[in-house]
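I have placed the structure first, in the form of structure tokens, so that the comments after it can refer back to it.
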Amino acid sequence: MKSPSTDPKIPKKEAVLVVDDEAGPRESLRMILKPIYEVHTASDGQEAHKVIQSKDIDVVTLDLNMPGLSGIETLKGIRKLKPNMEVIVITGYGTLTNAQEAIRFGAGDFISKPFNVADVISIVAKSFERRSHTLKINSLVERIQSLRSNVRDV
């Protein structure tokens, strides 16, 4: 008998990585998202990069103010590892400058702490939709390029 994770008939649960150096917000987000998604956690940027390299992650929630690798540095690393991954910045230091910098480096959304549970669920769901659309567009672009290449070869 196949395990649920390898059975192609059973869809895999979408995966979220919650990155926050503070256990309280990290566990709160894990508990909020766990009924809907497969949730992984990381307590710093380096751990986040390791999880992203070893697990099939779709969306990341990322704290900006962390010791060691900052949230922005972590975001830059995520972009290098997985350019199409959706990243939501969740921070207690929600200034306009922070939001602009996070968006400049590829964050899809920005939430201030303390966060509203309904907002988190809604924004994470929208991030999954955005990722799905991006992957479909990329797939179509690849197919068009492949067709153009085949036409040139004829």
(request) Quickly run through region 108-154 and pick out the residues that are within 13 Å of the chain's Cα centre (by Cα) and farther than 18 Å from Ala15 by Cβ. (result) Phe110
(message) Go through region 10-67 and report how many residues are in a helix (DSSP H, G or I), without any contact (Cβ under 8 Å) to a residue 12 or more places away in the chain and open to solvent by 80 Å² or more (accessible area, probe 1.4 Å).
(response) 3
(request) Filter region 94-125 for residues that are open to solvent by less than 60 Å² (accessible area, probe 1.4 Å), in contact with a helix residue (DSSP H, G or I) (Cβ under 7 Å, 6 or more places away or on another chain), not in a helix (DSSP H, G or I) and not basic (Lys, Arg) and give the result. (result) Gly106, Ala107, Gly108, Asp109, Phe110, Ile111
(message) Can you tell me how many residues within region 126-143 are open to solvent by less than 70 Å² (accessible area, probe 1.4 Å) and touching a residue at least 40 places away in the same chain (Cβ under 8 Å)?
(response) 5
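In region 78-87, what residues are buried (at least 18 other Cβ atoms within 10 Å of the Cβ) and of a type outside the set (D, E, K, R)?
Residues of region 78-87 that are buried (at least 18 other Cβ atoms within 10 Å of the Cβ), as a first pass: 78, 85-87.
Hits for region 78-87 are Ile78, Met85, Val87.
The values are calculated or read from the model by the stated rules, or taken from the named source; none is laboratory data. Owing to the predicted nature of the structure, the values given are computational and were not obtained by experimental measurement. So basically every Cβ, Gly included, is an ideal-geometry build from the backbone, and we count neighbours across all protein chains shown. Ligands, DNA and RNA are stripped out before the accessible areas are found, and what is left, the full protein with its side chains, is counted by its heavy atoms. Shrake-Rupley method; radii C 1.70, N 1.55, O 1.52, S 1.80 Å.
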